[in-house]
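One structure is given here, and the rest of the page talks about it.
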């Protein structure tokens with residue numbers, strides 16, 4: 001996912017795109033002008049939240065009400081006709097504990113390039129695992 005996919009040139013410079021940005025804090029500011037910009041910030045906030053759990057198997061996974069609200073809104077913004085976003089939607093459903101919906105989302109045909117990520121998500125969903133896992 002490239003930020004240029006989501007932002008107009010005139011707004012791109014004012015939106016953060018570097019590491020160390022408080023994307024969760026940016027959600028509260030709601031300064032985006034388009035759904036594409038909102039999607040960009042919400043995806044980055046989701047990834048930022050998940051990064052705290054990557055490589056830390058001892059940390060128990062929990063989701064704040066703000067992060068849950070972010071994911072619920074992101075579900076509305078994602079385009080299920082786009083295979084990449086459809087897979088993101090499935091991963092969000094899994095993270096929210098909506099395992100059957102997650103697995104249903106992944107029942108559609110996908111190109112071979114996506115199959116390893118889909119298999120990883122399916123395995124985690126089948127085990128009813130909400131926590132951050134490796135998806136490639």
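Here, each number is a calculation from the coordinates, and none is a lab measurement. As the structure is a computational prediction, the values presented were derived from the model and not from experiment. FYI the Cβ positions are ideal-geometry reconstructions off the backbone, even for glycines, and counts take in every protein chain you see.
Using a 7 Å offset from the Cα along the Cα-to-Cβ direction at both residue 128 and residue 36, what is the distance between the two label points in nm, to one decimal?
4.2 nm
Return the FRET efficiency for the residue pair residue 103, residue 66: r is the Cβ-Cβ distance, R0 is 30 Å, and the value is rounded to the nearest 0.05.
In this case the efficiency is close to 0.65.
If each residue's Cβ is checked for other Cβ atoms within 10 Å, how do 127, 102 rank with the fewest at the top?
Fewest-to-most ranking of 127, 102: 127, 102.
What FRET efficiency, computed as 1/(1 + (r/R0)^6) with R0 = 35 Å and r the Cβ-Cβ distance, is obtained for residue 113 and residue 29, rounded to the nearest 0.05?
Rounded to the nearest 0.05, the efficiency is 0.45.
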